[in-house]
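The block underneath contains the structure these notes are about, expressed in structure tokens.
The values are calculated or read from the model by the stated rules, or taken from the named source; none is laboratory data. Bear in mind the structure is a predicted one, so any value in this text is a computation, not a measurement. Cβ coordinates were reconstructed from backbone atoms using ideal geometry, including for glycine residues, and neighbour counts include every protein chain displayed.
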């Protein structure tokens with residue numbers, strides 16, 4: 001009796017001590033986490049309710065900033081360009097990423113090397129990628145248009161032409177990210193047990209049948225993951241636009257994040273900038289929630 | 001894994017290999033262009049430079065503070081890696097090994113920060129740094145990345161895989177939490193730490209939006225910032241721009257090739273880059 005009591009007492013002491021240890025281990029990360037994530041998050045909401053140019057005192061504005069941002073035709077334009085980007089980029093990386101992943105899941109010669117090559121652009125910076133593609137897609141002296149000219153094709157103006165500018169950004173981005181999609185889908189493919197496919201072969205299923213009825217359904221959770229992540233990243237597109245077109249020509253590729261930046265640091269409307277950034281966050285959350293809700297319809301075991 | 005045989009697999013291989021060449025071409029063309037003389041640029045393109053010259057690199061390093069810029073990027077990236085490993089591994093240990101009330105809630109509060117997009121934090125973070133007098137300083141760039149929820153998550157996963165019997169054995173030998181953390185758990189999760197180190201280096205090396213907002217002076221700039229401003233400065237000197245791109249891309253490629261296994265494992269396991 002007394003022994004168990006003592007054991008319990010020592011356990012309580014140990015538990016209390018563990019709490020202090022936990023505090024000590026967590027403090028170095030918890031302090032910056034609160035200071036640089038939670039406090040600014042709340043402050044963003046506070047700033048969005050004020051009229052402020054970052055210098056003179058803040059003036060209460062209620063929901064005026066949200067009204068102004070929602071009523072501004074530029075907002076609709078930048079959201080539309082961002083959606084154009086996301087809808088161009090997603091199918092490209094998905095189709096090519098899936099094709100490459102399926103091919104490189106087979107025992108091909110030099111498979112590891114090939115995987116490494118497709119993944120290479122993922123580790124480079126968006127700015128470098130944008131600068132390089134600006135050169136490749138240069139309307140007059142770029143190598144792409146020069147090669148097209150060999151075949152008698154008069155290449156487009158790419159980033160210098162309002163109708164082709166977003167396509168150029170999408171192309172460069174897809175080149176950079178296709179390896180990322182490939183790696184995620186390869187991991188998904190490798191988690192499909194070999195027995196499932198072997199059983200299907202015994203049942204007389206051909207390769208196409210196996211792809212449609214086994215591989216793709218079992219891969220659907222990975223595909224879902226890729227779609228969710230790609231859309232979240234796609235809506236936040238900025239770096240490559242900044243370095244490739246700076247939103248031009250004539251504002252044709254101006255995206256939401258660039259507008260947040262411009263409102264805050266160029267036009268001295270920090271309140272509207274914060275309001276627009278929160279609006280973008282809300283849109284991203286909504287898009288993600290809709291996908292989570294819709295996944296039951298097509299994702300295996302969701 | 002299906003074994004590919006016959007003509008069809010050869011066709012498949014050719015397609016995949018051709019695709020890989022297409023993927024490699026922009027890198028090759030960047031190097032070739034950086035070694036081409038300004039006057040020869042844009043004339044009949046050839047895969048190997050006719051008269052390779054280092055003039056673009058000389059221009060880059062003599063006319064712009066690019067050497068300083070490389071050091072800035074390197075210093076900031078290394079500092080980020082060291083700090084993030086320290087803060088993340090300590091927190092991961094608490095979540096993996098220490099019992100305390102509200103642990104799941106605190107862990108969720110950590111993970112939730114991964115969902116907050118940078119551009120929402122942009123304005124308030126800038127204001128905060130301004131009030132602390134940290135605009136246009138290295139510390140201002142560094143502070144928001146002193147913690148990584150992704151790192152806490154990754155390292156906690158690795159620590160959970162370390163058998164608890166090892167801790168118990170160490171406890172019997174009289175070791176406290178600090179010693180178990182440093183001598184038992186950390187050495188055993190070295191592969192996960194390596195993965196995290198590479199990914200954290202990569203995100204710091206390539207970061208653009210926050211440094212763009214917080215840095216002003218030319219001599220504090222990081223590589224992506226310097227490269228972006230080079231576009232304005234050398235609009236048509238494509239050889240100089242390509243030399244700048246090579247300088248920016250090459251160290252990351254080298255690191256990737258050295259640590260390929262870790263990078264791929266980390267990204268495939270978590271989906272974060």
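Here are some notes:
- On inspection, residue A:189 does not qualify as more than 8 Å from chain B (Cβ to nearest Cβ), crowded, with 23+ Cβ neighbours inside 10 Å, within 19 Å of residue A:102 (Cβ to Cβ) and touching a helix residue (DSSP H, G or I) at 6+ places or on another chain (Cβ under 8 Å).
- When residues in region B:254-273 are screened for being within 30 Å of residue B:53 (Cα to Cα) and either more than 7 Å from chain A (Cβ to nearest Cβ) or modelled with pLDDT of 90 or more (or both), 4 of them pass.
- Region B:107-126 - residue that is more than 7 Å from every other protein chain (Cβ to nearest Cβ) and either more than 26 Å from the chain's Cα centre (by Cα) or farther than 19 Å from residue B:208 by Cα (or both) and, of those, surrounded by the fewest Cβ atoms within 10 Å (Cβ to Cβ): B:108
- Complete set of residues in region B:83-102 that are farther than 11 Å from residue B:142 by Cβ and either at the interface with another protein chain (Cβ under 8 Å from one of its Cβ atoms) or within 17 Å of the chain's Cα centre (by Cα) (or both): B:85, B:86, B:87, B:88, B:90, B:91, B:93, B:94, B:98, B:99, B:100, B:101
- Within region A:105-118, the residues that satisfy the criterion of being in contact (Cβ under 8 Å) with a residue 24 or more places away in the chain and either within 7 Å of chain B (Cβ to nearest Cβ) or closer than 16 Å to residue B:250 by Cβ (or both) are A:105, A:118.
- Here A:102, A:90, A:98 are screened, and the one residue that is in contact with a helix residue (DSSP H, G or I) (Cβ under 8 Å, 6 or more places away or on another chain), more than 14 Å from chain B (Cβ to nearest Cβ) and touching a residue at least 60 places away in the same chain (Cβ under 8 Å) is A:90.
- First in region A:54-68 and at positive phi and surrounded by 16 or more Cβ atoms within 10 Å (Cβ to Cβ), second anywhere and part of a helix (DSSP H, G or I) and at pLDDT below 90, Cβ under 9 Å, 6 or more apart: A:54/B:123
- Of all residues in region B:207-253, those satisfying the criterion of being within 30 Å of residue B:120 (Cα to Cα), outside any helix (DSSP H, G or I) and more than 9 Å from chain A (Cβ to nearest Cβ) are B:215, B:216, B:217, B:221, B:222.
- Within region A:93-116, the set of residues being surrounded by 19 or more Cβ atoms within 10 Å (Cβ to Cβ) and either in contact with a strand residue (DSSP E or B) (Cβ under 6 Å, 6 or more places away or on another chain) or in a helix (DSSP H, G or I) (or both) comprises A:93, A:96, A:97, A:98, A:100, A:101, A:102, A:103, A:104, A:114, A:115.
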